[in-house]
């Protein structure tokens with residue numbers, strides 16, 4: 001019993017809280033993908049050569 005009481009008083013790690021909550025996991029996934037694709041798109045635009053006009 002003492003071990004169970006000790007574990008209930010410990011703080012839950014962020015990773016465990018994230019994986020225990022489906023809405024936090026969904027929000028984290030959306031934020032990561034939004035940031036990744038935005039940065040990828042900006043890098044792609046910066047590396048494009050200037051277009052030649054006809």
Fill in: Test result for residue 18, modelled with pLDDT of 85 or more and surrounded by 10 or more Cβ atoms within 10 Å (Cβ to Cβ)
no
Discussion item. Taking the criterion of being at pLDDT below 95 and exposed (fewer than 10 other Cβ atoms within 10 Å of the Cβ), would at least one residue in segment 27-43 satisfy it?
Written reply: no
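The values are calculated or read from the model by the stated rules, or taken from the named source; none is laboratory data. Nothing here was measured: the structure is a model prediction, and the numbers come from that model. Glycine also receives a Cβ, built like all others from the backbone with ideal geometry; neighbour counts cover every protein chain displayed.
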